[in-house]
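One structure below.
The values are calculated or read from the model by the stated rules, or taken from the named source; none is laboratory data. Because the structure is predicted, anything quoted here is derived from the model rather than measured. Cβ sites come from the backbone with ideal geometry, for glycine too, and all protein chains shown count toward neighbours. The accessibility values were calculated without ligands, DNA or RNA, using every heavy atom of the protein model including side chains. Shrake-Rupley method; radii C 1.70, N 1.55, O 1.52, S 1.80 Å.
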Amino acid sequence: MTDTKYSLSIVHHGVEAIKAYRTISGIQQDNEMPEIFLGGQIAIGLNRELGLQVHIERPYLRIMKELGVTINDQIIEDMGGLRADIAIYREGKPLAIIEFKICDERDRRGGKLLADLEKMNQLSSQTKISTYLGVLLTDTANATCAERRKTLETVLGQKFEQASNLEPAGNNAEWHRQFIAGRFN
């Protein structure tokens, strides 16, 4: 399975999750959706489309144990409370994790996304597990999705592999959203 295929599937199912949540909840703006719903719907999509086992909100310590890492007090202190939004498994072994963020006005510069990348890098440095980011990106008062994507890629130090089409960010919205994803290790 290629990295691009995972990223493409994350984007596809991310867009479907946004549409589904708007329908079932009646929200007016797409950035009002909870990340947990996004993760759950993408997990279902990855399982159905790619035949992967998927866990939601999987503790890092459990992933590390499953990959043969000896857990000590320092690891518990550093990583004990961390969870992957999604952990992807094949034949009972973890092979990748995905973190999701909604980058709207509340995260204009991508600081929350960078924090997720840093925690994923901490896990990956000890386990070599693949790490992905999935982002619901919106226009802000001062920047379009395209401008914001460039800023995020600069902050994160690499480019996203896949992106959805630009779409209105809700019912009668005059601003736009896009879903982007990529491998980041």
Meets criteria (modelled with pLDDT of 95 or more and open to solvent by 10 Å² or more (accessible area, probe 1.4 Å)) for I56: yes
I need the full set of residues from the stretch 80-136 which are of a type in the set (S, T, N, Q) and touching a residue at least 40 places away in the same chain (Cβ under 8 Å), in order please. N121, Q122, S124, Q126, T127, S130, T131
If you go through the stretch 130-185 one residue at a time, how many are in contact with a strand residue (DSSP E or B) (Cβ under 6 Å, 6 or more places away or on another chain) and β-branched (V, I, T)? 4
Checking N121 against (1) modelled with pLDDT of 95 or more; (2) over 20 Å from L8 (Cβ atoms); (3) not hydroxyl-bearing (S, T, Y), the condition it does not meet: (1)
Scan the stretch 1-54 residue by residue and report those that are more than 20 Å from L95 (Cβ to Cβ), among the polar types (S, T, N, Q) and under 16 Å from the mean Cα position of the chain (by Cα). N31, Q41
Scanning the stretch 26-69 residue by residue, the ones that are part of a loop (DSSP other than H, G, I, E, B) and out of contact with any helix residue (DSSP H, G or I) (no Cβ under 9 Å at 6 or more places or on another chain) total 2
The stretch 88-128: number of residues that are on the phi > 0 side of the Ramachandran plot and in contact with a Leu (Cβ under 9 Å, 6 or more places away or on another chain): 2
When you scan the stretch 1-53, how many residues do you find that are open to solvent by 60 Å² or more (accessible area, probe 1.4 Å) and of a type in the set (S, T, N, Q)? 7
